[in-house]
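A.B. asks: Below is the structure I would like to discuss, written out as structure tokens.
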Amino acid sequence: MGKKILARAIVLYIKGDWAEYAHTFGFPTWAAKWFPCIFCNCNKLNMLALQSVSMASLPWDEHEPSEYYEACRNCEVVVIVPDQRGIMDIRKELEWDKRQNGFRGRALMGDVPKYNLIKGDRLEPSKMLIDITDFDNISVFPTILHFWRTTKETITLHRNPLFDDPDVDIEGEELGINPYTTMTVDPLHDIHLGVLAKFIVWCLWTFLIADIYDVMKPTEDERYRVGIQRLRADLWQWYTV
């Protein structure tokens, strides 16, 4: 535990790139099939469908704070272990799973029916077990363990303690922030290397299809090939100016 902060501060916003939001804050990555976006309910199939996108609205519904809290509660399994025997029963099935498509942490490789735990449930940090590597050293009973049911994951893959849950946090201890009023997008990764890059690709293909260089070749493939060569030459000339 760290030292108490003597000064008061206000969290205005949290800004990071998408990789940081996925790694540190526990959200799915942009490659996720069903929830690749932190802020809305688009999926991988329609994420780049821009037909209904305008400056005023988007075709996808934005997430509400209540949806984040509900997604966390649906995955959380709280277990009260009365004695060392119970720890041993759980320990038999508990392993570190570092596979690319695995359970991403210290998870159960088999069911533990005695505690209503199933394969894939992942041991999570909690107030009583801040460091999950200390599981093997638990000596105070009864003890409360928190597991995360990976089979029910939706818009988040972990509960992040930064975000307040009105049904869990003690009044006076909350920070007053949630993902959808505090987190912001990073312009470099989300705009310049994201939607703007896609838009530029669309523009370049539109130019080539329209044959802006008047290459006048008989076949479409030849027009594209020569058009790309001319485009590349213009690009290198622009670099040298």
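A.B. asks: Taking a ≥ b ≥ c as the square roots of the Cα gyration tensor eigenvalues, with a/c under 1.5 meaning rounded and otherwise prolate when a/b beats b/c, else oblate, which class fits the range 187-240?
C.D. replies: Values: a/c = 3.58, a/b = 1.75, b/c = 2.04.
Cα axes put the range 187-240 in the oblate bin.
A.B. asks: Moving to a separate point now. So for the range 65-147, averaging the separation of alpha carbon pairs under 8 Å that are six or more residues apart and normalising by length, what relative contact order in percent results?
C.D. replies: Taking the mean separation of contacting Cα pairs over the length of the range 65-147, I get 34 percent.
A.B. asks: Would you mind calculating the relative contact order of the chain from Cα pairs under 8 angstrom and at least 6 residues apart, reporting the percent as a whole number?
C.D. replies: Relative contact order of the chain: 21 percent.
A.B. asks: At 222 nm, what value in deg cm²/dmol follows for the chain if DSSP H runs of at least 4 each add -39500 (n - 2.57) and the sum is divided by all its residues, to the nearest 500?
C.D. replies: -8500 deg cm²/dmol
A.B. asks: For the range 119-199, what are the per-bin percents of Cα-Cα distances with bins 10 Å wide, up to the bin holding the maximum?
C.D. replies: 14, 30, 31, 18, 7, 1
A.B. asks: Same structure again: Would you mind checking the radius of gyration and Dmax of the chain based on alpha-carbon positions, in Å?
C.D. replies: Cα radius of gyration and Dmax of the chain are 25.0, 82 Å respectively.
A.B. asks: Against the longest principal axis of the chain, how steep is helix 220-240, in degrees 0 to 90 to the nearest 10, with axes from Cα atoms?
C.D. replies: Result, in degrees: 80.
A.B. asks: Helix 65-75 versus the longest principal axis of the chain: what is the Cα-based angle in degrees, 0 to 90, to the nearest 10?
C.D. replies: Helix 65-75 sits at roughly 60 degrees to that axis.
A.B. asks: Return the FRET efficiency for the residue pair Asp234, Ser57: r is the Cβ-Cβ distance, R0 is 45 Å, and the value is rounded to the nearest 0.05.
C.D. replies: E(calc), rounded to 0.05, equals 0.80.
A.B. asks: I would also like to ask the following. Round to the nearest 0.05 the FRET efficiency obtained for Asp136 and Arg8 when R0 = 45 Å and r is the Cβ-Cβ distance.
C.D. replies: In this case the efficiency is close to 0.70.
A.B. asks: Next question, about the same structure. Can you tell me the 0 to 90 degree angle between the C-alpha axis of helix 196-209 and the longest principal axis of the chain, rounded to 10?
C.D. replies: Here the helix axis deviates by roughly 30 degrees.
The numbers here are math on the coordinates, done by the rules we state, and not lab data. What you see is a predicted model; the values in this text were computed from it and never measured. Backbone-built Cβ (ideal geometry, glycine too); neighbour counts: all protein chains shown.
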